[in-house]
Every structure is written in structure tokens, then in C-alpha cells.
Amino acid sequence: MTTHEEKPLSMESRLTLNDKQTMPQLGLGTWRSEPEKVQNIVRDAILHCNYRLIDAAWVYQNEDEVGNGIHAAIEQSQGKIKREDIFVTTKLWNQHHTTEDVEWALRDSLKKLRLDYVDLFLIHWPVAFKNMTENLWSQSEDEKTRYFAENVTLVDTWKAMEKLVDLKLTRSIGVSNFNPSEIDEILKIARIKPSVNQIELHPYFNQHELREYCAHHNIAITSYCPLSNLKRENERAEDVSALYNAVIQEIAQSKHKTTAQIIIRWHLQNGLSVIPKTVTQERLIENSGVFDFVLSDHEMREIDHLTQTNRRRFVNPPFRPANKPIFDD
């Protein structure tokens, strides 16, 4: 796994996964992207900005737009960009963890994406909801009760995931939002190891221990919410996001870069894959302008230290029984 500055980074930089597939380090996320803007930004990212990693999910309800953007980029490239040049990730929703639903879910995603395969299929969350087609979140009408799929284990779901590789519907499989004990449960029985764990990771929550665990098991990490810019209601972004942190602002000024570019570079130099979301071409260009400078070891440590002084997890949904949060930290 690349750490800090062993070789020059570029838009072509890739991580080699434990199944020997390679995944681009810098990509485009599509979570919370505004409807009717996703198709054009995916097309522009691939066609004009050389992005080769597109991250999607069934529950984002925009896979059709993602697929349209991918196909538009390929068609408009006039043969210069092919499907195999683009690394597409999507995710298994919590309602589809049963053995029979796992394959259906990926085939449904593939139909929306208009693809024959994805490059990476992730279990989105380590919880199995009851499959309720009329209710995406498997909740009662008053939202006080959540219904779970009974007797469905992570082992059951993982074995069904492995079959998708056999069927050539996905090249790699992995997990998202999993902690070490949940990954251990899978590793005990895995015929195919998880290749990736996609997790919330940013300067205010650098996940050092989980990164060490994943490195030990040769599991790559993709950082979501990488700029820590998910403010809650009644909060100001200036008060909660690392984009406004004085340490990062000082580094940015010294290098004539934006704070977003400093943070993205920090992810890349840590050997992480990173998927900042945007729906504007200006931000696409900004987010990819991170290859003409290097952060020193001292600057990397300064940013690492922010987890101790400004620690914050932004994403912690009430997905456990009794509406308890998914994470206990």
C-alpha cells in the first residue's frame, strides 16, 4: 500500500487490491448529489477531467443517472475511453442481505447502470433490514420501530457476495462501514477476502486504528465524507469542517492551494482512495488539482493531529435495534 510519498501521485495512480485488481485513488462520489445533475457531472469527470473511479450505491437512487453519464463519456470520447478504463463501485443496500436478494440487488443496479459488471460491489452497512419494498428504511409509519431480517448473518451475505464474483457480475467485493470484529467474522469463512472497506475518514476523524487493522489484512480503504463538510442542522460549516481549520488554511496559503486540495492530497499521501462529491465542473477541476505539490512529513503529522483536537464523526445513523446508532464511538 502506498504511504506518503513513495512514488509520484497522479490521476493515473491506483491501489493494487488483495485480489490483484487495481483501483484508482481519486474518484467522484455521488452520495447526496442533486438529482438531474449527476449524469452531466459523471460525464464531465470522465471525459474532461480524467477521473476513472465513480462511486455509486443502490440507495442513492441515482444509478440510472450515473450509468447515463458513464455511457455518454464513453460515446463522446470517440473510442478513446472504454468501459474497462472506468472503475465503477456500487453497494448492496441493507434490505437485500438475504442470500436470494444479494444477486437480485446487483442485477438491479447493473440494469440501472446499463453495465454488464461493476468493478467493486460493497456491503453498504453491516446490518440486515427486512425487505419492505414500500419503505426503503424498513420503519414503521411513526418511524419509531425498525424491522430487521431475522436470522440473516454477515456470513450468509458474504457467501452470496462471493458467488457474484463467480458469476462475473463484479470483479471485486468488499464492505463499507465495517469495524474489525465484523470484518473478522467474514475473514473466518471467506473464500474471497474483502478487498476494500469504505469508511468515513477525514482530518477530524482519521480512523488510525481501523486503518492499521485494514493494512494488516491487506484491505484497501476508501474515504467517504473526505472533506468533513457534513454540517448538521443549526450548525455553521465554518465551525465544524476541516475546510476552515486554521492549520489547514495555513498550509494551503503556503502552497497557493485551497484547503480542499490540501485535504485530498493528505488522503492520497496516506495511501487511501478518496471520493469527494461535487456537481460542479469548477469543483471537479479543483479536486483533481492536487498533483503539483507535496505535503511534507511535518505537514502530514500536523493534519493527523487534528483528530485529537477536533475529533468528530459526522455519519452515525440509527441502524441498530432500538434505533441505536450504528457506531458506539
Return a whole-number percent for the relative contact order of the chain, with Cα pairs under 8 Å and 6 or more residues apart as the contact set.
19 percent
Long-range amide H partners of Arg320, meaning residues 5 or more apart or on another chain whose placed amide H is closer than 5 Å, are Ile326
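With runs of 4+ DSSP H residues as the only contributors, calculate the mean residue ellipticity of the chain at 222 nm using -39,500 (n - 2.57) per run, divided by the residue total and rounded to the nearest 500. Before the final figure, lay out the partial values.
Values: 12 runs with 117 residues, N = 329.
About -10500 deg cm²/dmol.
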Check: region 195-329 dipole with +1 on Lys, Arg Cβ and -1 on Asp, Glu Cβ, in debye:
340 debye
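Within 12 Å, Cβ to Cβ, of Val196, how many net charges do the neighbouring residues add up to if Lys/Arg are +1 and Asp/Glu are -1? Walk me through the intermediate numbers first.
Details: positive: Lys91, Arg171, Lys193; negative: Asp19, Asp55, Asp119.
So the environment of Val196 carries a net charge of 0.
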Full extension from Glu162 to Thr133: what is 0.36 nm times the residue separation minus their Cα-Cα distance, to one decimal in nm?
7.9 nm
Centroid-to-centroid separation of region 87-155 and region 293-329 [C-alpha atoms, Å]
26 Å
For Cα pairs less than 8 Å apart in space and 6+ apart in sequence, what is the mean separation divided by the residue count of region 1-102, i.e. the relative contact order in percent?
24 percent
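Dividing the Cα convex hull volume of the chain by residue count, how many Å³ per residue is that?
Working: hull volume 45.6 nm³, N = 329.
So the per-residue hull volume is 139 Å³.
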Starting from the amide H of Leu17, placed 1.01 Å from N in the peptide plane, find each other amide H under 5 Å away whose residue is 5 or more places distant or on another chain.
Thr22, Met23
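Tell me the trypsin sites (Lys or Arg not before Pro) within region 6-100 that lie in a loop according to DSSP and have at most 13 other beta-carbon atoms within 10 Å.
Those that pass, being in a loop and sparsely packed, are Lys20, Arg32, Lys80, Lys82.
In units of 2.2 N^0.38 Å, what is the alpha-carbon radius of gyration of region 79-202? Mind dumping the intermediate values first?
Values: Rg = 15.1 Å, N = 124, 2.2 N^0.38 = 13.7 Å.
Scaled against compact globular proteins, the figure is 1.10.
If I compute solvent accessible area with a 1.4 Å probe over the protein chains, what percent of it on region 192-329 is carbon and sulfur?
Working: 2960 of 6310 Å².
On region 192-329, the fraction of accessible area on carbon and sulfur atoms equals 47 percent.
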Sort the following peptides by mean Cβ neighbour count (other Cβ atoms within 10 Å, averaged over residues), highest first: 129-139, 252-262.
252-262, 129-139
Which one, Glu65, Glu100, Glu235, has the greatest fluctuation when you compute a Gaussian network model over the chain with C-alpha springs under 10 angstrom?
Glu235
Straight-line reach from Lys277: which lysines fall under 16 Å, measuring Cα to Cα and dropping same-chain residues less than 8 apart?
Lys37, Lys231
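Of the peptides 110-116, 271-277, how do they stack up when ordered by the mean number of other Cβ atoms within 10 Å, highest first?
Working: 110-116: 16.6, 271-277: 23.7.
The packing order, highest mean first, is 271-277, 110-116.
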Amide N proximity, region 230-272 versus Thr309 label position 7 Å along Cα-to-Cβ, cut-off under 11 Å
245-250
Name the residue from Leu306, Ser13, Ile199 whose Cα lies farthest towards the positive end of the charge dipole of the chain, charges +1 on Cβ of Lys and Arg and -1 on Cβ of Asp and Glu.
Ser13
What are the residues whose amide H is under 5 Å from the amide H of Lys91, where those residues sit 5 or more places off or on another chain and H is modelled from the backbone?
Ala57, Trp58, Leu122
In sequence order, what are the phi-derived ³J(HN,Hα) couplings for region 268-284 according to the Karplus relation 6.51 cos²θ - 1.76 cosθ + 1.60 with θ = phi - 60°, rounded to whole Hz, with x for glycine and proline?
4, 5, 7, x, 9, 8, 9, 10, x, 9, 7, 10, 10, 5, 4, 6, 3
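Could you do me a favour and compute the accessible area per residue for the chain, 1.4 Å probe, result in Å²?
On the way: 15230 Å² over 329 residues.
Spelled out: the 1.4 Å probe surface of the chain, per residue, equals 46 Å².
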Each residue of region 212-217 in order: what ³J(HN,Hα) in whole Hz does its phi give by Karplus 6.51 cos²θ - 1.76 cosθ + 1.60, θ = phi - 60°, with x for Gly and Pro?
4, 4, 5, 4, 4, 9
Take the alpha carbon atoms of region 1-131, find their radius of gyration, then divide it by 2.2 N^0.38 Å using N residues; give the quotient.
1.10
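Please get the size of the charge dipole for region 177-248, origin at its Cα centre, with Cβ charges of +1 on Lys and Arg and -1 on Asp and Glu, quoted in debye to the nearest 20.
The calculation lands at about 280 debye.
The values are calculated or read from the model by the stated rules, or taken from the named source; none is laboratory data. Predicted model, so just to flag it, every value in this text is computed and none were measured. Note that we place each Cβ from the backbone using ideal geometry, even for glycine, and neighbour counts take in every protein chain shown. Surface accessibility is based on the protein's heavy atoms, side chains included, excluding ligands, DNA and RNA. Shrake-Rupley method; radii C 1.70, N 1.55, O 1.52, S 1.80 Å.
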